[in-house]
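*Asks:* Quick one: structure below, then a few questions.
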Ligand SMILES: [Zn+2]
């Protein structure tokens, strides 16, 4: 089984001290590629270095809605330079209405500016959306379809959203939270996503499955630290929900991720 983790943060301080073990456990579990998403200007350099040094790491650069306050006045040029120099994708970007001081206008303008970079460079974008689906659909409908791909990471939307998001260029990535028995909304969506739009991810070091294949790399701020080797848990759950084999889920998600997230596709 060959797997592509379509969204993780290998540059995170919770993972970097253990990186050799993290990568070897991932490979032993069949995880050969990783979309490593930056979250703020401060971690883009680290993401770029990992992509250069670790086989299978595909870089993405973006300002996550949680870290907009840290951006510099030159962030947009820095993003373009990073993407160009390191042949990266765009992400993690998005809208988050569950944030305390959420500043919607700021979130939307930075999100749209980053989508514009994605459009200009014909790049896919990895998108975070929390409690903001209504507005997300409006913003993306105004932006228009984006054929290089809008990858909704840790997809938490309803079945009803899927067709509209597919029209706009949507791909749907499921993570460890899918394995929670009470997550019936995600279970239904995971069945409804068209086969050519399905992806799997861990969002490591966040969102560990409740019953991970490999034990957590400790607990930081009360949360277990997740790693890409646990991608297999997501594959297993998708196979159960979609009534097919794990090998089939591995094959289609590998093919989809390779189509949408490979830098070479820009050539
Ligand atoms: Zn993430």
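All of the numbers you see were taken from the coordinates with simple rules; none came from a lab. In this text, all values refer to a predicted model and were calculated from it rather than measured experimentally. Heads up, the Cβs are rebuilt from the backbone with ideal geometry, glycines too, and the neighbour counts pull from every protein chain shown.
*Asks:* How are the alpha carbon pair distances in segment 72-176 distributed across 10 Å bins from zero to the largest one, expressed in percent?
*Replies:* With a bin width of 10 Å, the distribution comes to 14, 49, 32, 5.
*Asks:* Identify which of 28, 51, 154 has the largest mean-square fluctuation in a Gaussian network model of the chain, with springs joining Cα atoms closer than 10 Å.
*Replies:* Top of the fluctuation ranking is 28.
*Asks:* Send over the per residue convex hull volume for segment 159-209, Cα only, as a whole number of Å³.
*Replies:* Dividing the Cα hull volume of segment 159-209 by its residue count gives 75 Å³.
*Asks:* Measure of size requested: the Rg and Dmax of segment 149-242, with Cα atoms as the atom set and Å as the unit; please supply both.
*Replies:* 13.4, 41
*Asks:* Determine the calculated [θ] at 222 nm for the chain from helices alone, applying -39500 (n - 2.57) to every DSSP H run no shorter than 4 residues and normalising by the residue count; nearest 500 deg cm²/dmol.
*Replies:* -13000 deg cm²/dmol
*Asks:* Counting other beta carbons within 10 Å of each residue's own, what order do 33, 130 fall into, fewest first?
*Replies:* 130, 33
*Asks:* If you take every DSSP beta bridge fully contained in segment 129-232, what fraction is antiparallel? Give it as a percent rounded to 5.
*Replies:* In segment 129-232, DSSP labels about 25 percent of beta bridges as antiparallel.
*Asks:* Let me ask something additional. Looking at the chain as a GNM with Cα springs under 10 Å, which of 16, 179, 253 has the largest mean-square fluctuation?
*Replies:* 16
*Asks:* Over the Cα atoms of the chain, how large are the radius of gyration and the largest Cα-Cα distance (Dmax), in Å?
*Replies:* 16.9, 50
*Asks:* Still on this structure, please answer the following. GNM, the chain, Cα, under 10 Å: largest mean-square fluctuation among 193, 54, 232?
*Replies:* Looking only at 193, 54, 232, the largest GNM fluctuation is found for 54.
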